[in-house]
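J.: Below: one structure in structure tokens.
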Amino acid sequence: MLTGTPLQNSTEELWALLHFADPVNFASKEAFTNQFGQLTSQEQVADLHKVLKPYLLRRVKEDVEKSLPPKEETILEVTLTPIQKTYYKAIYEKNTTFLFKGAKSKNAPSLMNAAMELRKVCNHPFLIGGAEERILADASATAAKEREQASTDAEISVKPQTSPKKSWKQLTGEQLIKSSGKMVLLDKLLPKLRSGGHKVLIFSQMVRVLDLLEDLLRLRDYKFERLDGSRSASMRSAAVDRFNKPSFDRFVMLLSTRAGGLGLNLVSADTVI
């Protein structure tokens, strides 16, 4: 038998494979599940490995393909921006006065699942209901004050210098990056990877994070493809072909973690984020 996941999803499935291979030694599912059902201790895992050894041949890519370079993993600690810290604290303390300020009822943040809302904040505050509009409004008001102050200073200055008014698109792009520590890091990291000739896969569990990453890539004029659960098999195949062919010059592939696998061959990429 050939299987992609030897331990399957449950001990019952594993027993079914072993029973098929050796129905004499693995006759009783109840006895097997009683012994290995939960795998709560290290001893159980060690015992199961001993049981599997005569039946299981495990080969990893490094054993088969000797030309593969060794994998290097770099963990970069990213701090939250001041805006993220403000929203994180407000959600953690369930500060509805701050969270619901100026928000419409249909666009107000939900506190039913605080842990999920905190995860959203750690990715990007724009994922919180009403936060994007509020952050952009505050940034616009701050920019207007700065221009007013600059024009006042220019009147009493020998060389008047006033900063030009930013468009809404510029303001949105700025806040898209400045509001999230991960976006700040990614905005610094991608140009270096691009200049080094790398091709990048960026995974996220949240599809809405992929939407924000799309905005960032368009803002910086990077050519990219995207795969998530909404893409059909033919669309996936076409996106993979475009990403792998040098003539299309695709730099980034955005993927949801659920859309990974399924026969995708993204061997042309050498960096995963």
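J.: In the range 14-28, what residues are part of a helix (DSSP H, G or I), touching a helix residue (DSSP H, G or I) at 6+ places or on another chain (Cβ under 9 Å) and modelled with pLDDT of 90 or more?
T.: His19
J.: Would you mind finding the one in Leu52, Leu111 that is within 24 Å of the chain's Cα centre (by Cα) and aliphatic (A, V, I, L, M)?
T.: Leu111
J.: Then there is this: Restricting attention to the range 178-200, report how many residues are in contact with a helix residue (DSSP H, G or I) (Cβ under 6 Å, 6 or more places away or on another chain) and open to solvent by less than 20 Å² (accessible area, probe 1.4 Å).
T.: So the count comes out to 3.
J.: Please verify whether Leu76 is assigned to a helix (DSSP H, G or I) and either at pLDDT 80 or above or loosely packed, with under 13 Cβ neighbours inside 10 Å (or both), treating the condition exactly as stated.
T.: No; evaluated as a whole, the condition is false for this residue.
J.: In the list Leu136, Leu48, Leu118, Leu68, which residue meets the criterion of being assigned to a loop (DSSP other than H, G, I, E, B), touching a helix residue (DSSP H, G or I) at 6+ places or on another chain (Cβ under 9 Å) and open to solvent by less than 100 Å² (accessible area, probe 1.4 Å)?
T.: Leu68
J.: Are there any pairs with C-beta distances below 7 angstrom linking a residue in the range 114-130 that is at positive phi to a residue that is among the hydrophobic types (A, V, I, L, M, F, W, C) and not in a helix (DSSP H, G or I), with the two at least 6 apart or on different chains, and if so which?
T.: Gly130/Ala103; Gly130/Ala108
J.: Taking helices (runs of 4 or more DSSP H) that fall entirely within the range 171-244, which contain at least 1 residues that are farther than 21 Å from Ser256 by Cβ and at pLDDT below 90?
T.: Of the helices (runs of 4 or more DSSP H) lying wholly inside the range 171-244, none has at least 1 residues that are farther than 21 Å from Ser256 by Cβ and at pLDDT below 90.
J.: Considering the range 237-265 alone, what residues qualify as being open to solvent by 30 Å² or more (accessible area, probe 1.4 Å), touching a residue at least 24 places away in the same chain (Cβ under 8 Å) and over 17 Å from the mean Cα position of the chain (by Cα)?
T.: Asn244, Phe248, Asp249, Arg250, Leu262, Leu264, Asn265
J.: Under 8 Å by Cβ, and 6 or more places apart or on different chains, what pairs join a residue from the range 201-217 that is under 23 Å from Gln170 (Cβ atoms) and open to solvent by 20 Å² or more (accessible area, probe 1.4 Å) with one that is part of a loop (DSSP other than H, G, I, E, B) and of a type in the set (A, V, I, L, M)?
T.: Qualifying pairs under 8 Å: none.
J.: While we're looking at this one, here's another question. Going by the structure shown, is Ser268 of a type in the set (Ser, Thr, Tyr), touching a Gly at 6+ places or on another chain (Cβ under 8 Å) and under 28 Å from Pro70 (Cβ atoms)?
T.: So Ser268 fails the test.
J.: To continue, here is another question. May I ask you to list the residues in the range 28-45 that are open to solvent by 70 Å² or more (accessible area, probe 1.4 Å) and over 34 Å from the mean Cα position of the chain (by Cα)?
T.: Lys29, Glu30, Asn34, Gln35, Glu43 - these are the residues of the range 28-45 that are open to solvent by 70 Å² or more (accessible area, probe 1.4 Å) and over 34 Å from the mean Cα position of the chain (by Cα).
The values are calculated or read from the model by the stated rules, or taken from the named source; none is laboratory data. What you are looking at is a predicted structure, and each value in this text was computed from that prediction instead of being measured. For neighbour counting, all protein chains shown are included, and Cβ atoms are generated from backbone atoms with ideal geometry for every residue, glycine included. Quick note on the areas: whole protein, heavy atoms, side chains included, nothing else; ligands and nucleic acids left out. Shrake-Rupley method; radii C 1.70, N 1.55, O 1.52, S 1.80 Å.
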